[in-house]
There are 2 protein chains.
Amino acid sequence: MARILLTLRYDGTAYHGWQVQPNGVTVQQVLQDAVEAVTGVRSGITGCSRTDAGVHADMFCCTFDSDTLLRGDKLCCALNFHLPRDVSVYDAREVEEAFHPRYHAKGKRYVYRIWNGAQRHPVYDKYAVWLKKPLDVDFLDRVAQDYVGTHDFAAFCGAGSDLLGTTERTISACSVTREGDVVLFTVEGDGFLYNMVRIMVGTLLEIAAERLSPDSIPTILEGRDRTAAGPTAPAQGLCLEQVFYD
Amino acid sequence: MARILLTLRYDGTAYHGWQVQPNGVTVQQVLQDAVEAVTGVRSGITGCSRTDAGVHADMFCCTFDSDTLLRGDKLCCALNFHLPRDVSVYDAREVEEAFHPRYHAKGKRYVYRIWNGAQRHPVYDKYAVWLKKPLDVDFLDRVAQDYVGTHDFAAFCGAGSDLLGTTERTISACSVTREGDVVLFTVEGDGFLYNMVRIMVGTLLEIAAERLSPDSIPTILEGRDRTAAGPTAPAQGLCLEQVFYD
């Protein structure tokens, strides 16, 4: 038996997130089906995180144990042959038996996209949230720096989280930038609570709409009260862009 | 009656091209439906070009004549309310009565996207053609310069064209560039024959695959023989990016 690390990207539009669940198709499930089709054995697959329904990933890592002798491009091609077109494995390699894609992840980078054009966009409709009012990215970039550092992010944790342990997380960098009519919120950290990035974005957009004051983030963090933060921004704007390992 | 110029973008995946036809849904048809829903009158709509089935547009211009008093953002919003989500009007303005979106266009810019990653991409699957073999963009950019200038493009005109008149066209600029794993072929010219950009790309890809020699474009142009050029590259990689007016 060898432990195999797969790296994949997916368009989350049609999926109920990563993790297998009774009420809808998930990425983990279609991947388990593909692994079974290729290896002849149904293997449990361990993911680097749970992504929510509708969230996308440009880099998602997961492992399974198998006797298959396929590696690299050959294994990718075999899996992609069986996977739906909105999921694609682009790296497959053997790792140490003890490697765990979640516990060994040093951090992650998420990108949240906002389509900031005057009218909705046929493509960004699926990969961004639409906000008509022009955003001042320099202002929002300065505001967003209040997220950087080690904080208790309890106010930025969605209800329904089955979290055990601390709500302290470290954000190493974040930025708000513009590429034409697309505004990007990019955030890097050692770990993220349930819905955390989407609530961080929802809070920034409340500040942009002047329903929260520009200096409210430190107060919200301190208060640890979910209702003080902004709403959870829609799933389709979020993309897991990178997972960091040593 | 006023002549109104609409500018729109669309994801062509679900459409049988621009022009109304008996065998499938077209962009012109859904737009005529939306105009009728907003103005109460069914108007003929004149487009700046015919795009093929599956081709996308980031800027497509068309006109219709109407008594509606709506202009600008209000007309865009009203039309977008009735349009499917993969079509979006983002500019609407009154133009001179004699304005014709096709005859008055000075030129157009098309972009053809190639996903050049080792495995297929869940999103570029719909907006690019997948080519696994790494492309040498500097080499292809040099080769593509043979398209620039005024030439008879008869060899680059698809069968089934109902063209009347000359097959001479002027290409003012073209380039092959790379953005990560996406290779872009960008071409600007005064006009394009049926399937012309897709055959230009198909020919470049034959040269990349060494099935045609790097200096074959001038010979193909001179020969005016469609069978000497490469195949028509798939529709989903093509996007009408800009239409130029005075």
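The values are calculated or read from the model by the stated rules, or taken from the named source; none is laboratory data. Everything quoted here is computed from the prediction, not taken from an experiment. No Cβ is skipped: glycine too gets one built from the backbone with ideal geometry, and neighbour counts run over all protein chains shown.
Do we have residue A:70 as part of a loop (DSSP other than H, G, I, E, B), more than 10 Å from chain B (Cβ to nearest Cβ) and either more than 30 Å from residue B:79 (Cβ to Cβ) or over 20 Å from the mean Cα position of the chain (by Cα) (or both) here? In short, yes. Within the option set B:28, B:32, B:19, being without any contact (Cβ under 8 Å) to a residue 60 or more places away in the chain and under 14 Å from the mean Cα position of the chain (by Cα) holds for one residue only, B:19. Among the residues of the range B:80-101, those that are in contact with a strand residue (DSSP E or B) (Cβ under 7 Å, 6 or more places away or on another chain) and facing chain A (nearest Cβ under 9 Å) comprise B:80, B:86, B:87, B:88, B:89, B:90, B:91. Within the range A:94-110, the residues that satisfy the criterion of being in a strand (DSSP E or B) and either modelled with pLDDT under 95 or buried (at least 19 other Cβ atoms within 10 Å of the Cβ) (or both) are A:108, A:109, A:110. Of the residues in the range A:38-56, at least one is part of a helix (DSSP H, G or I) and buried (at least 16 other Cβ atoms within 10 Å of the Cβ). For residue A:120, state whether it is surrounded by 16 or more Cβ atoms within 10 Å (Cβ to Cβ), without any contact (Cβ under 8 Å) to a residue 40 or more places away in the chain and within 14 Å of another protein chain (Cβ to nearest Cβ). Criteria met by residue A:120. The residues of the range A:112-167 that are under 30 Å from residue B:85 (Cα atoms), more than 18 Å from the chain's Cα centre (by Cα), aliphatic (A, V, I, L, M) and in a loop (DSSP other than H, G, I, E, B), listed by number, are A:118, A:123, A:131, A:135.
Screening residue A:38 against (1) touching a helix residue (DSSP H, G or I) at 6+ places or on another chain (Cβ under 7 Å); (2) within 24 Å of residue A:105 (Cβ to Cβ); (3) aliphatic (A, V, I, L, M); (4) modelled with pLDDT of 95 or more leaves a single unmet condition, (2). Determine, yes or no, whether residue B:165 is at pLDDT below 95 and under 28 Å from residue B:120 (Cβ atoms). Judged against the criteria, residue B:165 is not a match. Residues in the range A:204-233 that are more than 18 Å from residue A:154 (Cβ to Cβ) and either small (Gly, Ala, Ser) or in a loop (DSSP other than H, G, I, E, B) (or both): A:208, A:209, A:210, A:211, A:213, A:214, A:215, A:233.
Residue selection: residue A:132 satisfies the criterion of being free of Cβ contacts under 8 Å to residues at least 24 places away in the same chain and under 24 Å from residue A:199 (Cβ atoms).
Based on this model, can you work out whether residue A:224 counts as in contact with a strand residue (DSSP E or B) (Cβ under 8 Å, 6 or more places away or on another chain) and at positive phi? Considered against the rule, which asks whether it is in contact with a strand residue (DSSP E or B) (Cβ under 8 Å, 6 or more places away or on another chain) and at positive phi, residue A:224 comes out as yes. Taken across the range B:74-83, residues that are in a loop (DSSP other than H, G, I, E, B), surrounded by fewer than 18 Cβ atoms within 10 Å (Cβ to Cβ) and free of Cβ contacts under 8 Å to residues at least 12 places away in the same chain do not occur at all. Please indicate, with yes or no, whether at least one residue in the range A:206-216 is out of contact with any helix residue (DSSP H, G or I) (no Cβ under 6 Å at 6 or more places or on another chain) and among the β-branched types (Val, Ile, Thr). No: zero hits.
Determine whether the range B:208-222 contains at least one residue that is surrounded by 19 or more Cβ atoms within 10 Å (Cβ to Cβ), free of Cβ contacts under 8 Å to residues at least 60 places away in the same chain and in contact with a Leu (Cβ under 6 Å, 6 or more places away or on another chain). Checking the range B:208-222: not a single residue is surrounded by 19 or more Cβ atoms within 10 Å (Cβ to Cβ), free of Cβ contacts under 8 Å to residues at least 60 places away in the same chain and in contact with a Leu (Cβ under 6 Å, 6 or more places away or on another chain).
Please indicate, with yes or no, whether at least one residue in the range A:137-145 is of a type in the set (D, E, K, R) and touching a helix residue (DSSP H, G or I) at 6+ places or on another chain (Cβ under 9 Å). No, the range A:137-145 has no match at all. Among the residues of the range A:2-32, which ones are touching a helix residue (DSSP H, G or I) at 6+ places or on another chain (Cβ under 8 Å) and within 14 Å of chain B (Cβ to nearest Cβ)? Selection gives A:6, A:8, A:10, A:11, A:12, A:13, A:15, A:27, A:31.
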